[in-house]
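The values are calculated or read from the model by the stated rules, or taken from the named source; none is laboratory data. Because the structure is a prediction, the values reported are computed rather than measured. When we count neighbours, we look across all protein chains shown, and the Cβ atoms used for this are built from the backbone with ideal geometry, even at glycine. With ligands, DNA and RNA removed, areas are computed over all heavy atoms of the protein, side chains included. Shrake-Rupley method; radii C 1.70, N 1.55, O 1.52, S 1.80 Å.
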Amino acid sequence: MSSTATESTPTDRRPPTALIVGASRGLGHAMAAEFLDRGWHVIGTVRDTTARTPLHDLADAADGRVTIERLDINEPDHLPPLHERLADRRLDVLFVNAGITNNERTPIGAVPVADFVEVMVTNALSPMRVVEALEDLVAPAGLIGAMTSGQGSITNNTTGGREVYRGSKAALNMFMRSFAARQADTRRAFVLLAPGWIRTELGGPDAPFTMEESVPLLVDILLSRLGTPGLAYLDRNGETVPW
């Protein structure tokens, strides 16, 4: 992982802090490790603080620079206590990493209601609840972002398939766009990050990209947007994805 961090450090010389929501394992954990490697302090959330996760291993070796907080994003009641616990922290980056899918071969008309609701709530509604609940903790020139997908692009959907997943990410994109429009007079950056097909539990073993090669690129993109107001929908190379 990269160890360059100086360009991202705030001018007040305070160690920068990133809150990664969904950091217990996989891509979120790897992003937490990358921020830590670059000199940041990291707050990572897990759904169950009683279960050991890779994030706990990261915290054990981090000399106090990793804080673990409990948050199940599908439990709105978890958000006010989390906000209270973090009230004295200033976040430079708030990034929500969340994503589930259903049977990708099921056409939309045959998707069970329960599956539809679970994917849409987890991928679209719950991330925005987190953003709305915690945005006042983010520095005036900080960054608020969420993990989306290139499959959330309506323009680029020429093959169909994975229809509920696609729809949930398109919904997330729309909700974030509305949120950013309501924040148009701020200096904050807003990022919808489409990481590509990565070998994670969600991506599966056939994905072409590894986390080791992908995560430094993703963190580079987030850091490059700090200080740039407005919303961007970007792929793993920092290129704009069409809506």
*Between region 170-243 and region 26-72, what's the alpha-carbon centroid distance in Å?*
20
*To two decimal places, what compactness ratio does region 13-99 give when its Cα radius of gyration is scaled by 2.2 N^0.38 Å?*
1.00
*Give, rounded to the nearest 20 debye, the magnitude of the charge dipole that region 59-212 has about its Cα centre when Lys and Arg contribute +1 at Cβ and Asp and Glu contribute -1 at Cβ.*
540
*Rounded to the nearest 500, what is the chain's calculated 222 nm mean residue ellipticity when only DSSP H runs of at least 4 contribute -39500 (n - 2.57) each, over all residues?*
-10000 deg cm²/dmol
*Give a residue-ordered list of calculated ³J(HN,Hα) values for region 143-158 (Karplus: 6.51 cos²θ - 1.76 cosθ + 1.60, θ = phi - 60°; whole Hz; x for Gly, Pro).*
10, 10, x, 8, 7, 10, 7, x, 6, x, 7, 5, 4, 8, 7, 10
*Which cross-chain or sequence-distant (5 or more) residues have an amide H under 5 Å from the amide H of V138, H modelled 1.01 Å from N in plane?*
L91
*By DSSP, what percent of the beta bridges with both residues in the chain are antiparallel, rounded to the nearest 5?*
5
*Using a 1.4 angstrom probe on heavy atoms only, work out the carbon and sulfur share of the accessible area of region 23-169 in %.*
50
*Specify whether the C-alpha gyration tensor of region 108-175 places it in the rounded, prolate or oblate class, a ≥ b ≥ c being the square roots of the eigenvalues: rounded for a/c under 1.5, otherwise prolate if a/b is larger than b/c and oblate if not.*
oblate
*What Kirkwood hydrodynamic radius do you get for region 38-88 when you take the inverse of the mean 1/r over all pairs of distinct Cα atoms, in Å?*
11.8
*Å³ per residue of the Cα convex hull, for the chain?*
129
_Length added when fully stretched, A51-A114, from 0.36 nm per residue minus Cα-Cα_ = 20.0 nm
*Taking H as built 1.01 Å from N, whose amide H comes closer than 5 Å to the amide H of A232, not counting residues under 5 places away?*
F190, V191, L192
_Length gained when the stretch E135-R70 is fully extended (0.36 nm per residue, less Cα-Cα span)_ = 21.6 nm
*Give me the accessible area per residue for region 1-123, probe 1.4 Å, as a whole number in Å².*
51
